[in-house]
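Enquirer: Once you've had a glance at the structure underneath, I'll fire off some questions.
Quick note: the coordinates plus some simple rules give every number you see, no bench work behind them. Owing to the predicted nature of the structure, the values given are computational and were not obtained by experimental measurement.
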Amino acid sequence: MKLVSYLVAGRPSFGIWANHGIVDLGKHAPSNATLKDVLDKVESLFAHAADPADYAHGDVQLLPPVPDAGKILCVGLNYKSHIAETGRDTPNHPILFPRYNSSLVAHGEPMLRPRASVQLDFEGELAFVIGKGGRHVAADNALDHVAGFACFNDGSVRDWQRHTSQFLPGKNFWRSGSFGPWLVTPDEAGPIGELTLQTRLNGEVVQEAQLDDLLFGVPELIAYISTIMPLEAGDVVATGTTGGVGLFRKPPLFMKAGDRVEVEIERLGCLANDIIDEP
């Protein structure tokens, strides 16, 4: 099942992206509810998967799957191929940093290259979203806490990322990353380690890896993060990027206005965005 958040006639709602159209779930929820509010009972949504469509796919404007995430946590240096290209030591623990909702756009929306830099880099990633919250979650039970998986582009402004030892400045420029197009429930996603991630820039493959190349997998990340803080329904974790980023190419390859970037993961869909300069 694919879950989406969207605008229809200017009104926010959420639903199921099905072959026959979009089944609106917002009409069954309390006023002002969002997808985040129902992720702790995602199993109950399957009953609506075969309902008649309320909208055609083209009737809505997609939003990031969870546009109001309480926490967006990203993992640095979490693919062995990316660690190798950086020349850095393998981390003993996950490297975590936050992103904020204002830094992300949906599938089909333009990502912004900021006025302050020309070093906007691509980072294709797997993201997962928490359904069942918890604290001190054991790795053995961690996948029970996942509502779904999605594609993520952790667009990085490299010169600002290197201003300090902290990643935050380069990872939170307004509308510099993307998330979507939908959230795929675990039954449809299947075993994550089997899947291949590919990032394309203007149709050329620039990153490709199987997801079993992750240093810290989804269960380990949930166990680690939930030791630090409670995880809540709707929290997003982006698991890190693979090798091939633009910064370490010779010469470096950064995104510019007019480019198109796509992050595709088997069974999870393709997240596509054009690049424009910040107005």
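Enquirer: Provide the three semi-axes, in whole Å and in decreasing order, of the ellipsoid equivalent to the range 1-140 as defined by the square roots of 5 times the Cα gyration tensor eigenvalues.
Expert: Equivalent-ellipsoid dimensions as semi-axes: 32, 21, 14 Å.
Enquirer: When each pair of different Cα atoms in the range 135-279 is counted once in the 1/r mean, what is the Kirkwood radius in angstroms, to one decimal?
Expert: Values: mean 1/r = 0.0602 Å⁻¹.
Evaluated over the range 135-279, this radius sits at 16.6 Å.
Enquirer: Moving to a separate point now. What share of Cα pairs, in percent, lie more than 18 angstrom apart in the range 2-63?
Expert: The proportion of pairs with Cα distances above 18 Å equals 25 percent.
Enquirer: Which lysines have a Cα lying under 19 Å from the Cα of K256, excluding residues fewer than 8 positions away in the same chain?
Expert: Reachable lysines: K171.
Enquirer: In nm, what is the difference between 0.36 nm times the number of residues separating R260 and N32 and their Cα-Cα distance?
Expert: Extra length available between R260 and N32 comes to 78.7 nm.
Enquirer: Cut-off under 17 Å on the C-alpha distance; same-chain residues fewer than 8 positions from K27 excluded. Which lysines are left, in chain and number order?
Expert: K36, K41
Enquirer: Between A139 and F248, 0.36 nm times their residue separation minus their Cα-Cα distance comes to what?
Expert: Working: separation 109, 0.36 × 109 = 39.24 nm, distance 3.32 nm.
Extra length available between A139 and F248 comes to 35.9 nm.
Enquirer: Now a separate question. Suppose only helical runs count, i.e. DSSP H with n ≥ 4. What mean residue ellipticity at 222 nm does that imply for the chain under -39500 (n - 2.57) per run, divided by all residues and rounded to the nearest 500 deg cm²/dmol?
Expert: On the way: 5 runs with 30 residues, N = 279.
Per the formula, -2500 deg cm²/dmol.
Enquirer: Can you classify the range 144-205 as rounded, prolate or oblate using the Cα gyration tensor, where a ≥ b ≥ c are the square roots of its eigenvalues, rounded means a/c under 1.5, and otherwise it's prolate if a/b beats b/c and oblate if not?
Expert: Working: a/c = 2.46, a/b = 1.73, b/c = 1.42.
Prolate shape, in that a/c is at least 1.5 and a/b is the bigger ratio.
Enquirer: Right, here's the next one. Can you give me the Kirkwood hydrodynamic radius for the chain, using every pair of distinct Cα atoms, in Å to one decimal? Walk me through the numbers before you get to the answer.
Expert: Values: mean 1/r = 0.0533 Å⁻¹.
Evaluated on the chain, it is 18.8 Å.
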